[in-house]
Amino acid sequence: MKRKITYALVLLMALAWSVSLYFVSPEVIVSRLGGHTFPAVFAAGVLGGTSIVFPFPYYLVVVTTAAGGANPLLVGLCAGLGVITGDTTSFLVGHAGRAVLPEKASAAFALLHRWVADTHSAKFYAFLFVYGAVMPLPNDVIMMPLGAAGVPYWRVILPFGAGNIVFNTAVALLAAYGISSFWA
């Protein structure tokens with residue numbers, strides 16, 4: 001039941017945002033935000049990155065601000081950095097949860113830790129980068145287990161963060177240069 005309520009709230013937020021964009025154009029939103037546009041995109045990214053705590057469709061903010069005339073490269077960078085910051089909560093939840101894991105789960109996460117520690121090839125880093133760059137799925141799926149496995153934070157966040165920045169920049173560029181063709 002709780003999951004249905006969460007989905008309903010996210011759908012309601014997306015619908016409310018869409019209806020408000022019918023009455024207020026993205027250009028007006030960006031002009032009203034003014035110098036606070038990029039901090040607002042960063043804050044939306046942080047909320048979107050904390051999907052374990054608060055599911056927030058931050059892509060709507062990325063698309064709106066980029067379509068409204070904000071620099072899409074800076075929008076993508078701010079959103080990506082915000083998501084990275086928000087994903088830190090998932091990593092920390094996984095890391096803190098190690099203490100209460102059952103013995104079988106601890107053994108599985110120890111195996112994951114050894115595999116990641118032994119994998120100094122580009123495969124592990126490439127996987128994290130590609131997942132962040134092309135998967136519009138929650139990052140918690142990856143961050144929590146790696147935190148629970150005790151993988152060092154920097155080994156996870158650097159490639160994952162770079163992938164998130166690429167993904168959000170691509171979304172912003174598509175919004176900035178692709179949406180205008182729909183309004184003609």
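Every number in this text was worked out from the coordinates using simple rules, so none of it is lab data. Keep in mind that what you see is a predicted model, and the values were worked out from it rather than measured. Virtual Cβ from ideal backbone geometry, glycine too; neighbours counted across all protein chains shown.
Set Lys and Arg Cβ to +1 and Asp and Glu Cβ to -1, take the dipole of the chain about its Cα centre, and tell me which of Leu92, Leu15, Pro39 lies farthest positive.
Positive-end residue among those listed: Leu92.
Of Val166, Val116, Val63, which is the most mobile in a GNM of the chain whose springs link Cα atoms less than 10 angstrom apart?
In this elastic network of the chain, the residue with the biggest mean-square fluctuation among Val166, Val116, Val63 is Val116.
If you wrap a convex hull around the alpha carbons of the stretch 2-181, what volume per residue comes out, as a whole number of Å³? Write out the running numbers ahead of the final one.
Details: hull volume 20.7 nm³, N = 180.
About 115 Å³ per residue, rounded to a whole number.
Tell me what the chain gives for mean residue ellipticity at 222 nm when only DSSP H runs of n ≥ 4 count, each as -39,500 (n - 2.57), the sum divided by the residue total, rounded to 500 deg cm²/dmol. Before the final figure, lay out the partial values.
Values: 9 runs with 142 residues, N = 184.
It comes out at -25500 deg cm²/dmol, rounded to the nearest 500.
Name the helices (complete DSSP H segments) of the chain with a Cα length along the long axis of 15 Å or more and a Kyte-Doolittle mean of at least -0.5, or state none.
2-23, 37-49, 72-97, 103-118, 122-134, 153-178
Rank the residues Thr37, Thr85, Thr64 as a footprinting-exposure proxy: fewest other Cβ atoms within 10 Å of their Cβ go first. Can you show the working numbers first?
Numbers: Thr37 23, Thr85 17, Thr64 27.
In order of increasing Cβ crowding within 10 Å: Thr85, Thr37, Thr64.
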